[in-house]
Structure formats: structure tokens, C-alpha cells
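This report refers to the structure that appears directly beneath it.
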Amino acid sequence: MKIKHILNIERSSEKIVLTIPEERLEQVKGYQFSSPVQINGEIHNHAGAVVLTLHIEFSLLVTCDRCLKETEQAFSYDKEHMVVRSVNDENNEEDYVIAEAESIDIAEIALADLLLELPSKMLCKEDCKGLCPVCGCDRNLTECNCGGRIEFT
């Protein structure tokens, strides 16, 4: 997205409505998207400070880390970034979106944001009881008679 006009003109803004194409999502390893990634947002210049705000929505097919049930989960994130032409200190580079050649890749920014926000453990529901370590029954569906205790002799 070319943003030269936003960088140069105070109080300028542009709405963002974008769907990340399926072929681009296939490049994200380790995740199975069950819906397109929808991005709505705005980039605006307020008194020389350029701010990018994004609302990101998508769904994933996930396997619960406790009970191994496959489920579809919807995710929604709001992110905000400062956009700059360059940074003087490389240590602060990750704090900003750098508009090289006065353009930015909204899809790349949104994908990086959503990957950083995803939970490290995927659960079918917050209170998932998981599988019994002894008999393997799904504790969400039934109570087992083995007590779920592993005894070592």
C-alpha cells in the first residue's frame, strides 16, 4: 500500500479493507485457516505522527491440546502501530512499522500480528478436562472408573 500522501499531509487518512488471499495464508506453516483473514482499519496522520490501526478477524481449525478434539475457533484482534520512514536506532526497529519506499504491506503486518497474538495452547474450551492418562477416555464426555491415577511399581 502506497502511503506517501499519508506521510506527507497532516490530518490525512485512508480506510483499509482487505482480505488476505488463500494462497498467501497457505504460506503460514503450522496453522489451518478455515476462513479468510479479514482486515479493517485506518492509517492516519495526526500532527505528523502516522498511526496504523487494524482490526483482524479469522478462524482456524485447531486440535485441542488437552482432549485432541478438532474444533474451529474464531479470533479477533485490534492492533495499533506507529509508522515511520526510518529509525535511527536499530534496537527500536521492532517498535515501529518502517515505510520503506513510502509503502507498507498491510497483509504482512496483520499476519505477523495475528501469529504473535495466538495462544500457545489451543483448547476446545477454557475448562476442557482433557483425556484420562490411564484409560484415555475424554473427561469432557464421561467420568472413567480408573480414577485417572498412574501407579508405578
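The values are calculated or read from the model by the stated rules, or taken from the named source; none is laboratory data. Remember, it's a predicted structure, so these values are computed and weren't measured experimentally. Glycine gets a Cβ as well: all are built from the backbone with ideal geometry, and neighbour counts include every protein chain shown.
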Given (1) under 17 Å from Ala112 (Cβ atoms); (2) surrounded by fewer than 15 Cβ atoms within 10 Å (Cβ to Cβ); (3) without any contact (Cβ under 8 Å) to a residue 24 or more places away in the chain, Ser86 misses just (1)
Answer residue from segment 1-23, given it is at pLDDT 90 or above and within 18 Å of Ser59 (Cα to Cα) and is surrounded by the fewest Cβ atoms within 10 Å (Cβ to Cβ) among those: Val17
